[in-house]
């Protein structure tokens, strides 16, 4: 079986991938001994064939997950992998999952493989949700916590999160565990405002910029004690440093603060805080920090590191 998960909404694609892994472990492989993770960005065609054709001593049915294949720099590997897939597509007991957590640009050297994967029965593209799709997403997420939400509260959340499903899902979880009422109304959402969390994140960014490692670690620990996951914290840090870069560029264009918020589709509070934090970084520093965070994110999604440890090392080393 060949499965292809791709698209810009990495929250929903990662959730589908995790659901697939959990179901595989539950039904076939409780210890996860036959789940193979492959770094598609670095794999060779020989490595690919070896992983597909070799079988475990205890099970012929392996779950093989190939991350970020379309970032591979070897232009010839795509046709080689396509030929291998065609060879084994009808006689392999393995489940092959090709996972891309972003939009794939059109390039000639992998177009044939990309089209082949797209046509697979279990191929799924996770596009950025429309406003209607996000409202449905909010209601489905809240069903997990036995909560419902008013339209005004849902619309307030949509305006606060733009296109970031990770943040939206985590904010819904935080709100659900913070109130006792079954119905989440606008007042409840405002009382547990994202702005409060953003204040803490900007405090963490300020501590990082000042190279105050002790303060950075204390603020990170504060977020853990508040019940926030490492994945959420990493997503927020990546988001905030992207915002700092956007605001840095808008400052160079001498755009006023009101227009910045509108043009960048950000909450005015976030822009105001970003303007202050920006004074402590030059653009190269921001880009270097963002690249470090993106590498941490990649290592985590590839199962190559412990995210808690990586975040502790990150705030200690900047």
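Given a 10 angstrom Cα cut-off, can you work out which residue in 79, 170, 91 is the most mobile in a GNM of the chain?
Highest fluctuation of the listed residues: 91.
Could you identify which residue out of 164, 200, 101 has the top mean-square fluctuation in a GNM of the chain using Cα springs shorter than 10 Å?
Per the Cα network of the chain with a 10 Å cutoff, 200 tops the list.
So for 145, 24, fewest C-beta neighbours within 10 Å to most, what's the order?
Ranked by crowding around the Cβ, least crowded first: 145, 24.
What order do you get for 245, 65, 294 when you list them from fewest to most C-beta neighbours inside 10 Å?
294, 245, 65
Pull up the DSSP beta bridges for the chain and report the antiparallel fraction as a percent, rounded to 5.
DSSP beta bridges in the chain are roughly 0 percent antiparallel.
Could you state the angle between the C-alpha long axis of helix 131-143 and the longest principal axis of the C-alpha atoms of the chain, as a value from 0 to 90 degrees rounded to the nearest 10?
So the inclination is approximately 90 degrees.
Going by a ≥ b ≥ c, the root eigenvalues of the Cα gyration tensor, does the range 2-125 fall in the rounded group (a/c under 1.5), the prolate group (a/b larger than b/c) or the oblate group?
oblate
In a GNM of the chain with a 10 Å cut-off on Cα contacts, which of 178, 203, 123 has the highest mean-square fluctuation?
Comparing 178, 203, 123 in a Gaussian network model of the chain, the most mobile one is 178.
Just how far, in whole angstrom, is the range 111-166 from the range 83-101 if you go by their alpha carbon centroids?
27 Å
Using Cα pairs closer than 8 Å and at least 6 residues apart in sequence, work out the relative contact order for the chain, in percent.
18 percent
Report the Cα-based extents of the chain along its three principal axes, largest first, to the nearest Å.
Reported extents, whole Å, longest axis first: 59, 47, 37.
Quick note: the coordinates plus some simple rules give every number you see, no bench work behind them. Just so it is clear, the model here is predicted, and its values are computed rather than measured. Please note: Cβ atoms are built from the backbone with ideal geometry, for glycine as well, and neighbour counts cover all protein chains shown.
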